[in-house]
Structures are given as C-alpha cells and as structure tokens.
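Notes follow the structure.
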Amino acid sequence: MRKILFILTFILLNLILTGQTPAGSWSDHLVYTTANCVAVSSDQIYASTGMSLLIYNKSFAELKKMSRINGLSENGISTISWSEENKTLIIAYKSTNVDLLKNNIIYNLPDILRKYIPATKLINKIRTNGRYAYLASSFGIIVIDLIKREIYDTWKPGIDSDGAEVLDIAFGNDKIYASTVMGIFTADLSNQGLSYFGNWDRINSLPNPTGKYTSLVFSGNKLYANLAGTGSAGDQVYVIDNSSSLFSFLPGVTNTSFDPAPAGFTISSSGYIKYYNSNDILTKTISSYGWTIPQIFQGVIDNNDIWIADIKSGLVKGENMDSFRALTLPGPISNNAFNVNSLNGKTVISGGGTDNLWNNDGKSLAISIYENSNWTSISSGTVFDPMRTLIDPDNSSHIFVSTWGNGLLEYENNNLIKQYTETNSPLLAAIPGHVRICGMAIDKSKNIWITQTGAPGSIKVLKPDGSWVVNPLTVNAPVMGDILITGKGQKWIILPKGNGLFVLDDNNTPDVFSDDKFMKLQVQDSENQVIGFVYSLAEDLDGSIWVGTDQGPVIYFNPENVFEGNLKASRILIPRNDGTNLGDYMLKTETITSIAIDGANRKWLGTSGSGAYLLSPDGKTQIRNFNMRNSPIFSDSIISLAVDSKSGDVWFGTSKGVQSYRGDASGGVEKFARVLTFPNPVREGFSGNVTITGLMKDSQIRITDISGNLVYETVSEGGTASWDLNTYNGKRVATGVYLVFCASKDGSQSIVTKMLVIK
C-alpha cells in the first residue's frame, strides 16, 4: 500500500512540475487587456477583445477566454450582443461570418459571408428583440431567427433600392428605428415588406435629417440619436418625441455607444459614461477608475453594477458603479507579430515592422516575452518599428532589439541598458535621425552581427567588450535583411526586393578583412531558373541551408562550397505517381515567409496564404498542413514562426495574432536528467497522445506495465516521444501504472519514469 501511495505521489508531483499540455494541442496568445464591446447575461458577462472573447461568470467570479482555438469560427470580431430571451450570444465577425453561442455550443451561420455583395461588407451593431437578432450592416439590416438559427430576412432602410449603411438599431412603440449614414429611418415592425425601401420613412424633424447618425436608444417613449460631428466639432445628441431637440453636446467629444439601462440609458464616449434616467436627468457620470484614465467604448448597467469595454484596460467591472477593477488574462502586449524568436524556453515577439515596401510603419515599440508560462513586456512611445530580437544563448534575460529607425536596443531583465545610434556607435543613419537595422545573429565568440540599410558599411559587429567592428563592405542592395550564421561561421544575408542573397566568410576573424571572402549570390536552381525574391533562411541539423522564396523552398546542401563557383540551389521534386515519370516541386506556388527546424530536423514552413507546413527532414514528405479549413490556426497568412527547441512548441505569428502548437519533437539533451511525461496522470476521457520530454536524440523508448509486459516501443523525435495509449493490437491500455524505459541510441545511458493511466 505504501508503494502505491509513493507512486501516486510521485506522479502527482510530476504533473505539478510539468504543467504542460499534450502534443498536438493549441494555445492562443492574444491580448486580453483590451475590449471594444460588452454583452450582459443573467449569469455571465461577455467582452470582445476584437480577436477573442473574455467570459466572466458572475456566480463563481471565474474568468475564462474563448478564441478560434476552442470553438469560435474566426478571431476577428466586429461586435457581439446577448439575447436574454433566447439565452444566445450573437457574435459577428469582421468578415461578416456569424456565430451563435448557446449552452456552450457554437452554431455557425456563414450565409452572409458567402453571399456576394458588390460593396464593402460590414456588421456594425447587433440588437435583439424577441426571437430575432437584428444586424446593422453596410448593406441594410439582416434579421436572424435565433430559434431556427437561420437568416430570416434582409431589410433595406434608405431612399432607394440600394438602401443605406445602417450603424445602429432601436425598438419602441412597436416600431424599429435605423440610424444610417443618410439619416434615421423608421417602420412598423408588423410591416411584412421591410425589404423594400419604400416602406421606410425618414425622420425629417431633425435639424439635419440626412446626416450620419451613429447610435440610437429608445427610453421613456423617446428616441435618442447621435449625430456624428465633423472634424473636431464633436457629436450632437438629439431627443425625438413628437418633435426633435438638442439633448446634449460637448465640443470635441465622440460618442461610441448608446445602451438601455434600468429606468434609463447610458451614453458612452472615450472619456466617460453618462447614465440618464427616463426623465432625462443625469444620475451618474463615470470619468475615472481611480487607477487610470478611461478609454471607454461601451458601458452596460447590470442591476447596480456597470460593465465597461475599455480599449486600454479591457473588461472593467464597476461594482455599485463606484469601485472599479479590470478583469484581464495574461498575454502579449500586442497582437502584432512581425517577428517571433524562440530559444531554450523563452519566446520574444516583436510587434512592429515596416510596410511591404520597407518604409517605416510608425508602430510603437511593443516587445512581448514569454518564459516559464509568464508574460512580460517592453514598450515605448518614443521608439518605433522594432524588427527582430536576439536572445543571448548564455543569459536569457539579456536580449537585443533591432529597429527600423532607432538603432539597436540592449536590454537586461527587460530594462534598457543601452541604445546604440549614430551618436554613440559606428551605426549610421539612412536618412537624418533614422538608423535602420534589421537582421541580427550571434556567433560562437558572442559577437553580434547586424545588417544596416542605407549606410556605408552594410555589416557591423558588436563585440562582447562593447567595441565595434565595421566591415568595409557596402553591399549593392537597397535593403539588408536577415542574417544567418552557419555552423561553420559563414554569414548568409537576405537581400529583399528581389536581390537574392549575400554570403560572407570572414574566416572567423571579424576584425581582419584581408582573409574575407564574399559574394552576392543569385539564387539559381539546377535548371538555371533564377529566383530573385528571398524571404527566409534556416540552417538544418545537417548543415544544409533552407531558403524560403516566392517559388517554394530551395536548399543548398553544401553551403561551404559557395565560393567555389556555380553553386546551385536544389529543389524537392515530388513524383506524380501517374505513370508519366514527371514530378512537381514541393510547394512551388507558395511564398515561404518563415522557416524553422525542430528537434527531429523536420522543417516548419510558414506561407503567405496557405498556412503552415511541416515537412520531413529531407523535405520530400508533407507531414502536416495547418490551415483555416482543417485546424484552429488563426490565419493562412503566416508572418513569422519559430520552434522552441526546449519544449518543442511551435510559435505562429499570424496576421491575426499569436498562437502556439505543442509539437512532438524537441531538441535532444546531452544526458538524461529530468525526463517528464504529460499529462500525468492520464485521466478518463483523454483522447490525445502522452508526451515524453527531456530525452536524448533518437532515444529508444519501451513502455511496460507494472509487471514488465511490453505494451509499446518507439524512437524519439529529437528529444521528444509520444504514445497514443494503445498497445500493438490497437486497443487502449487498461487502468494502471506504466513504466517508461528510456535509453540513449548507443545504450550507454538510461532512465526510467512512471505514469498513471485511468481508463
């Protein structure tokens, strides 16, 4: 009995220490400190971050998140609304796709998305009334039957058959009101012909009946409407009863949302929320949280509390409308993932970059850092357009950031310790005040090599002692991109805008130039086809250079021979197997934006439009293709990707945010020290694979029951192995304790660990 208790204690301790997700699982890494829409139900609060949902359970004070990874159809949310009568959350996406969330089940309505409309398609606001949800859109009002979960009708308020863009909707006195870019229109809800514009009447009693009205609310038998101001004039709020009159106006103030409230309504603007009762008396003004300046988008009153969607603070609860606190979850500082870098358990994301022509984009410095399951960040309002990050392999708290205008930044423990510009280093400005740096790499001697654009001396080196070396070369190219240092010390540099590659061999003497060899390399395949546009580089575990181009991947198998002349890039030819002896090049039609090598020497390729691919070590077999049709990946446009060699996590920087995938391969360790299995224990109902990490490369794995009977064996992918919990006959193993025997490839080292399986 004591032995069993010891084993269970060991397993539970192992579970606590690992805290890891199984291979094949996804995690989102989105910003949860912003909110632009809030919906209140009787038991939960829903807030849209623009990319995902925050869900707060009022009874248990529990906060959780929902994104494409765990059910949403997309992660670009336009607006949300709650129907208390139908207990349904309506989620409209920027693409005009629609989800209905009821009882934790998502029902997708793709009809609007699929319908061709020769104009911009937007869903601006959602209001509910009875069994229907009414979507204010750029092409009228879409009516959804929430019981049948289908599109019921499309209504066209306006002055002609094209209708008008509808920005908000209100209901009162058996009428529907639509605020549009050309006035406010109204109709009887009982009218069966509202798809015809002629059955709508414009309210002409307003001082500007054809103006742009952005928000509506019906309260106390009166309609309140927001007329958008022009320039810095500010919005005007009108009250409409039998006639129209100005209700409120503050110069320069833009109102963002009108919402019903108990015995009244709220008007939200960036700096405040005003709560009016049904007699038009202002009963409450919220203009401060006590700990930060509000940037409010919407406020909804729920009994005595108020729930606020704040652009900078996220979901804010105002208890009794007086005591405020932000309800947020950890995540990166920005959803912009211009570059992702991962090394030994630390991932750093640059939220910045340039436009497609390599011009400054003006994005403020936003660096997000993930380590030990925690997020920290670095930001600045005076530094712009971060490009790449470099993690010191010997000190993960020491990082460098290159910028497209503000030089090179050096950080220790997230504190800026030095900024290198033209005033204190050999770095030169491309134009006055703009020191442009992209690529960075560190060699075995801890020298940091950087590429500089638009200045003499295209390659510069920062030595460990703080001194600089300026290579006299000025590369004939408009832009200097990423730099890769190979295992043999060669420096391979991307020349964007169709200029190929530049290769330098400094003979491992960065401050001696007489022994340097260099060349501008035109990428040319074995058929002498020139490929000008290069986007990414990686060296695999065999020393080959993989190059991502606009015509798929190409490989230099013997890069050390580049200076011997006429080195051709190889392509991966895949036979068609149709009897023609013909083949096609692997991913020839894809632009490869990023390449990363995992611990099993497999190749992860990010593309500009078809998601991410995993290829076998030789590139001849496509193991996986993650795209929006077959996976929870946020976007088919992959901007950057990286593999954490320690955990095997694959990080994707997409056009719609950051996420990670628990890969089944990691870098092998030199000796067994801390072999972990997870999940452990494996609980009833688990359907994934058990992952074994902390292994040496190509470890031999044998799994037995407690009596020593062999149930499974395999060879690790780098430093990771996985088991689907089935025996050789395909049946799931029984409940019990299992022993995992791990041995190095040559048998010189071994270790045993335990796991509990509950069937």
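In the range 339-662, the DSSP beta bridges split such that about 95 percent are antiparallel, to the nearest 5.
Here is how the number arises for the chain: DSSP H runs of 4 or more residues each give -39500 (n - 2.57), the sum is divided by the residue count, and the result at 222 nm is -1000 deg cm²/dmol. Which residues in the range 187-216 have a backbone N closer than 20 Å to a point placed 7 Å from the Cα of ILE151 along the Cα-to-Cβ line? Of the residues in the range 187-216, 192-198 have backbone N under 20 Å from the label point off ILE151.
Cross-link list LYS520/LYS568; LYS346/LYS603; LYS115/LYS656; LYS121/LYS156; LYS460/LYS491: which exceed 18 angstrom alpha carbon to alpha carbon? Write down the numbers at each step before the final one.
Values: LYS520/LYS568 14 Å; LYS346/LYS603 20 Å; LYS115/LYS656 23 Å; LYS121/LYS156 14 Å; LYS460/LYS491 12 Å.
Listed pairs above 18 Å: LYS346/LYS603; LYS115/LYS656.
Distance from the C-alpha centroid of the range 552-579 to that of the range 96-168: 52 Å, rounded to the whole angstrom.
To the nearest 0.05, how large is the calculated FRET efficiency for ASN103 and GLN622 if R₀ is 41 Å and r is the Cβ-Cβ distance?
Once the sixth-power term is evaluated, E becomes 0.60.
Within 10 Å of each candidate Cβ there may be at most 12 other Cβ atoms; applying that plus a DSSP loop requirement, which trypsin sites (Lys or Arg not before Pro) in the range 148-208 survive?
Details: sites: LYS148, ARG149, LYS175, ARG202; in loops: LYS148, ARG149.
Sparse-neighbourhood loop trypsin sites (Lys or Arg not before Pro): LYS148.
Please list, or write none, the lysines whose alpha carbon is within less than 21 Å of the alpha carbon of LYS731, excluding same-chain residues fewer than 8 places away. Partners found: LYS754, LYS759. Residue by residue, the range 122-138 carries 3J(HN,Hα) couplings of 9, 10, 8, 7, 10, 10, 10, 7, x, 7, 10, 10, 10, 9, 7, 10, 6 Hz when phi is fed to the Karplus relation 6.51 cos²θ - 1.76 cosθ + 1.60 (θ = phi - 60°); x denotes Gly or Pro.
Each Lys or Arg adds one and each Asp or Glu subtracts one; over the other residues with Cβ under 15 Å from the Cβ of TYR585, this totals 0. For the chain, take the longest principal axis of its alpha carbons; what is the angle in degrees between that and the long axis of helix 2-18, to the nearest 10 within 0 to 90? The helix 2-18 is inclined about 70 degrees to the chain.
Couplings 3J(HN,Hα) of the range 575-581, computed from phi: x, 7, 6, 10, x, 9, 6 Hz, in residue order, whole Hz [Karplus 6.51 cos²θ - 1.76 cosθ + 1.60, θ = phi - 60°; x for Gly and Pro]. With a ≥ b ≥ c taken as the square roots of the eigenvalues of the C-alpha gyration tensor of the range 232-309, please select rounded if a/c is under 1.5 and otherwise prolate if a/b is larger than b/c or oblate if it is not? The shape class here is oblate. Applying 0.36 nm per residue to the separation of ASP201 and ILE758 and subtracting their alpha-carbon distance, the gain on full extension is 193.9 nm.
Put simply, the amide H of VAL682, placed in the peptide plane, has neighbours under 5 Å in LEU756, VAL757, ILE758, leaving out anything fewer than 5 places away on its chain.
Decide, for the range 339-662, between rounded, prolate and oblate: order the square roots of the alpha carbon gyration tensor eigenvalues as a ≥ b ≥ c, take rounded if a/c falls under 1.5, and otherwise choose prolate if a/b is larger than b/c, else oblate. Here the range 339-662 falls in the oblate category.
When restricted to Cα atoms, the chain yields an Rg and a Dmax of 30.0, 92 Å, respectively.
Report the Rg/Rh value for the range 261-372, based on alpha-carbon coordinates and the Kirkwood definition of Rh. Display every interim value, and only then the final one.
On the way: Rg = 19.4 Å, Rh = 16.7 Å.
Ratio of gyration radius to Kirkwood radius for the range 261-372: 1.16.
Karplus-derived 3J(HN,Hα) values for the range 410-423, using 6.51 cos²θ - 1.76 cosθ + 1.60 with θ = phi - 60°, are 10, 10, 10, 6, 6, 9, 5, 9, 6, 10, 9, 9, 5, 7 Hz; glycine and proline are entered as x.
Coordinate-derived values only; no laboratory data. Predicted, not measured: the structure shown is a model, and the values here were computed from it. As a convention, Cβ positions derive from the backbone with ideal geometry for all residues, glycine included, and neighbour counts pool all protein chains shown.
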